[in-house]
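> I'd like to ask some things about the structure below.
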Amino acid sequence: GYIWLGMGEGDGLSRLNPETGDFTPYQHNSQDSSTLTSGAIWHLAEDRNGNIWVGTMGGGLDRLDPKTGIIQHHVHDPDDPQSLANNNIGGILEDRDGNIWIGTGRGGLSLFDPESHAFINYQNDPNDLESINDNYIYSIYEDRSGIIWIGTNSGGINYFNPSMNAFEHYKNDPR
């Protein structure tokens with residue numbers, strides 16, 4: 001198999017063939033919409049179909065099909081509530097059902113449905129104790145029972161049970 005490398009400083013994405021030592025670069029080119037939306041890569045994830053999900057700083061989310069080289073872009077559109085919540089990507093996870101969870105900086109958590117190509121966005125609502133408690137997401141993990149754990153900037157850890165559609169929160173108590 002290949003090794004995928006994301007470069008956080010704007011150098012894009014590279015695919016390393018460990019057998020040959022050859023690198024295949026995937027760069028951002030503002031003049032070419034078929035390239036990555038940004039060269040600043042923060043997170044990578046491979047889904048069950050072999051697609052590479054590329055989370056960028058400021059450019060949103062790209063899905064690369066390594067077989068064809070085609071890159072599909074997902075960016076925040078303030079006029080579309082079913083678009084990605086924010087273009088700064090802090091984490092990516094494919095859950096056991098094939099859904100793609102995306103943590104964003106400032107936008108909360110986005111859930112991508114691969115069938116409809118729409119996003120459901122979960123954002124902090126100070127009046128709703130069952131909402132996510134911080135919109136800065138840095139990590140996402142699914143445990144063996146299907147619970148989604150979300151690491152945030154200042155909200156501690158959020159626990160999301162998809163069957164309940166509600167968040168619980170765990171924060172450090174320095175007492």
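> Kindly list, by first and then second residue, each pair from a residue in segment 64-89 that is acidic (Asp, Glu) to a residue that is outside any strand (DSSP E or B), limited to pairs with Cβ atoms under 6 Å and residues at least 6 apart or on different chains.
From segment 64-89, the pairs are Asp65/Asn51; Asp77/Ser83.
> Scanning segment 148-158 for residues that are on the phi < 0 side of the Ramachandran plot and modelled with pLDDT under 95, which turns out least open to solvent (accessible area, probe 1.4 Å)?
First pass over segment 148-158, keeping only residues on the phi < 0 side of the Ramachandran plot: 148-155, 157-158.
This time we only want the ones that are modelled with pLDDT under 95, so: 153-155.
On the way: Asn153: 94, Ser154: 77, Gly155: 2 Å².
Top of the filtered list is Gly155.
> Count, please, the residues in segment 124-155 that happen to be of a type in the set (D, E, K, R) and assigned to a strand (DSSP E or B). Walk me through how you get there before you give the answer.
The first filter runs over segment 124-155 and keeps only residues of a type in the set (D, E, K, R), leaving 125, 128, 130, 134, 142-144.
Adding the requirement that they be assigned to a strand (DSSP E or B) leaves 142.
Of the residues in that region, 1 qualify.
> Continuing with the same structure: Considering only segment 1-22, state which residues are at pLDDT 95 or above and loosely packed, with under 14 Cβ neighbours inside 10 Å.
Ile3, Asn17, Pro18, Glu19, Thr20, Gly21, Asp22, listed by residue number.
> For residues that are β-branched (Val, Ile, Thr) and touching a residue at least 40 places away in the same chain (Cβ under 8 Å), scanning just segment 130-145, find the one that is least open to solvent (accessible area, probe 1.4 Å). Write out each step before concluding.
Taking segment 130-145 as the starting set, the residues that turn out to be β-branched (Val, Ile, Thr) are 132, 137, 140.
From the residues that got through so far, the ones that are touching a residue at least 40 places away in the same chain (Cβ under 8 Å) too are 137, 140.
Values: Ile137: 2, Ile140: 25 Å².
The selected residue is Ile137.
> Just one of Asn158, Asn121 is part of a strand (DSSP E or B) and within 19 Å of His74 (Cβ to Cβ); which is it?
Working: Asn158 fails: within 19 Å of His74 (Cβ to Cβ).
From the options Asn158, Asn121, the qualifying one is Asn121.
Results for (1) open to solvent by less than 50 Å² (accessible area, probe 1.4 Å); (2) of a type in the set (A, V, I, L, M); (3) in contact with an Asp or Glu (Cβ under 8 Å, 6 or more places away or on another chain); (4) under 24 Å from Asp113 (Cβ atoms), shown as yes or no for each residue.
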site: Tyr26; (1), (2), (3), (4): yes, no, no, no
site: Leu36; (1), (2), (3), (4): yes, yes, yes, yes
site: Leu44; (1), (2), (3), (4): no, yes, no, yes
site: Asn49; (1), (2), (3), (4): no, no, no, yes
site: Trp53; (1), (2), (3), (4): yes, no, yes, yes
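> Taking segment 59-90 as the search range and keeping residues that are surrounded by 15 or more Cβ atoms within 10 Å (Cβ to Cβ), out of contact with any Leu (no Cβ under 9 Å at 6 or more places or on another chain) and among the small types (Gly, Ala, Ser), which one is modelled with the lowest pLDDT?
Our first condition is that a residue be surrounded by 15 or more Cβ atoms within 10 Å (Cβ to Cβ); within segment 59-90, this holds for 59-64, 66, 71, 73-76, 83-90.
After this cut, where a residue has to be out of contact with any Leu (no Cβ under 9 Å at 6 or more places or on another chain) as well, the list is 63, 66, 83, 86, 88, 90.
Right, trim to among the small types (Gly, Ala, Ser) and you get 83, 90.
Details: Ser83: 97, Gly90: 92.
It comes out as Gly90.
The values are calculated or read from the model by the stated rules, or taken from the named source; none is laboratory data. Since this is a predicted model, take the numbers as computed values, not measurements. Ideal geometry is used to build each Cβ from the backbone, glycine not excepted, and the neighbour counts take in all protein chains shown. Side chains included, ligands, DNA and RNA excluded: accessible areas come from the protein's heavy atoms. Shrake-Rupley method; radii C 1.70, N 1.55, O 1.52, S 1.80 Å.
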